[in-house]
Amino acid sequence: MPRIYCVEDDANIRELICYALKTNGFEVEGYECAADFFAGMESALPELILLDIMLPDMDGMEILEKLRAGSVTKDIPVIMLTAKSSEIDKVRGLDSGADDYITKPFGVMELISRVKAVLRRADVRMDDDILTIGDILIDRPKRMVTVAGTPVTLTYKEFELLSYLVRNKGIVLTRDKIMNEVWGFDFEGESRTVDVHIRTLRQKLGDNGKIIETVRNVGYRVG
């Protein structure tokens with residue numbers, strides 16, 4: 001999977017981002033400041049950079065401009081992460097060469113979706129574009145699911161839920177973990193939401209729905 005660098009001085013946010021990306025199969029390195037980031041760039045270049053604007057030693061916009069001016073870094077996709085939400089900040093970031101702009105707070109699934117969208121636009125290959133288990137095939141770029149060759153219509157969340165379960169085949173996932181990954185850490189709903197979606201997902205998958213196992217008092221697993 002692609003390598004991603006996250007430049008974020010808030011340790012809690014940085015750890016959350018790195019954890020979310022790693023659980024989705026990415027290689028991730030987190031950096032607290034510009035100096036550490038540029039030192040990491042000397043060792044290996046990433047396929048994408050998540051870049052906070054407010055950093056202790058250098059403004060994120062300055063880092064972006066430096067990247068765009070470098071012959072070997074000018075084409076690396078950059079997503080800006082910032083608490084600044086005014087239109088002028090977004091315009092400045094995009095005009096300076098950012099590929100996308102995410103305002104804090106953001107949902108984990110939104111972040112993952114935006115990361116993958118930017119990587120696809122940059123023509124970086126994604127290993128989990130096509131997921132299969134038994135007769136089920138998940139085509140993530142086309143957002144299409146087929147069972148034994150027959151298309152199955154899923155809602156947005158059902159699709160993300162199935163994809164997440166299949167990507168973590170064999171791993172028991174708690175309801176809270178599923179909620180955080182599929183609905184986002186800022187979602188205020190109840191864990192019963194997961195049970196409802198699992199039930200409808202099983203129904204739509206027919207006999208193949210049995211691949212989704214209930215682990216009593218814990219959560220679910222695709223086996």
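What residues qualify as long-range amide H neighbours of Cys6, i.e. H under 5 Å apart, gap of 5 or more or another chain, H built at 1.01 Å from N?
Amide H neighbours of Cys6: Glu29, Gly30, Tyr31, Leu50.
Using +1 on the beta carbon of Lys and Arg, -1 on that of Asp and Glu, and nothing else charged, what's the dipole of the range 141-223 about the Cα centre, debye to 20?
Roughly 340 debye, rounded to the nearest 20.
How much length is gained on full extension from Thr174 to Val215, taking 0.36 nm per residue of separation minus their Cα-Cα distance?
Full extension from Thr174 to Val215 adds 13.9 nm.
Using a 10 angstrom Cβ neighbour count of at most 13 plus a DSSP loop assignment to flag exposed trypsin sites (Lys or Arg not before Pro), which longest range of the chain is free of such sites?
Longest run free of exposed loop sites: 1-73.
Quick one: putting +1 on the C-beta of Lys and Arg, -1 on the C-beta of Asp and Glu, what dipole do you get for the chain around its Cα centre, in Debye to the nearest 20?
Charge dipole of the chain: 1200 debye, to the nearest 20.
Do any chymotrypsin sites (Phe, Trp or Tyr not before Pro) in the range 1-73 lie in a DSSP loop with no more than 13 other beta carbon atoms within 10 Å, and if so, which?
Passing sites in the range 1-73 do not exist.
Apply the Karplus curve 6.51 cos²θ - 1.76 cosθ + 1.60, θ = phi - 60°, to the phi angles in the range 107-123 and return the couplings in whole Hz, x for Gly and Pro.
Values, residue by residue: x, 4, 5, 4, 4, 4, 4, 5, 4, 5, 5, 5, 5, 5, 4, 7, 6 Hz.
Per residue, how much accessible area does the chain show when a 1.4 Å probe rolls over the protein heavy atoms, in square angstrom?
That works out to 49 Å² per residue.
With all protein chains present, how much of the accessible area of the range 100-170 (probe radius 1.4 Å) comes from carbon and sulfur, to the nearest whole percent?
With neighbouring chains kept in place, the figure for the range 100-170 is 52 percent.
Would you mind checking which residues have amide H under 5 Å from Val78's amide H? H placed 1.01 Å from N; only 5 or more apart, or other chain.
Amide H neighbours of Val78: Ile49, Asp99, Asp100.
For the range 171-184, take each phi angle, set θ = phi - 60°, evaluate the Karplus expression 6.51 cos²θ - 1.76 cosθ + 1.60, and give the result in whole Hz per residue in order, putting x for glycine and proline.
Result, rounded to whole Hz: 9, 6, 10, 6, 4, 4, 5, 4, 4, 5, 7, 8, 9, x.
What residues from the range 6-42 fall in the zone where the backbone N is under 14 Å from a label point 7 Å along the Cα-to-C-beta line of Asp57?
Flagged as within label range: 7-9, 31-42.
Skipping prolines and chain starts, which residues have an amide H placed within reach, meaning under 5 Å, of the one on Asp57, given they are 5 or more residues away or on another chain?
For Asp57, the qualifying residues are Ala34.
Per-residue ellipticity at 222 nm for the chain, helices alone: DSSP H runs ≥ 4 residues times -39500 (n - 2.57), over residue total, nearest 500 deg cm²/dmol?
The per-residue figure over the chain is -11500 deg cm²/dmol.
Roughly what % of DSSP beta bridges within the chain run antiparallel, to the nearest 5?
Counting only bridges with both partners in the chain, antiparallel ones make up about 50 percent.
What list of ³J(HN,Hα) values in whole Hz, one per residue of the range 133-139 in order, does the Karplus curve 6.51 cos²θ - 1.76 cosθ + 1.60 (θ = phi - 60°) give from phi, with Gly and Pro shown as x?
Karplus-based 3J(HN,Hα) across the range 133-139 equals 7, x, 8, 8, 10, 10, 9 Hz.
Helix 11-23 versus the longest principal axis of the chain: what angle, 0 to 90°, nearest 10, using Cα atoms?
With rounding to tens, the tilt is 50 degrees.
The values are calculated or read from the model by the stated rules, or taken from the named source; none is laboratory data. Keep in mind it's a predicted model, so treat the numbers as computed, not measured. All Cβ positions, even for glycine, are placed from backbone atoms using ideal geometry, and neighbour counts span all protein chains on display. When the accessible area is computed, the model is the full protein with side chains, heavy atoms only, and any ligands, DNA or RNA have been set aside. Shrake-Rupley method; radii C 1.70, N 1.55, O 1.52, S 1.80 Å.
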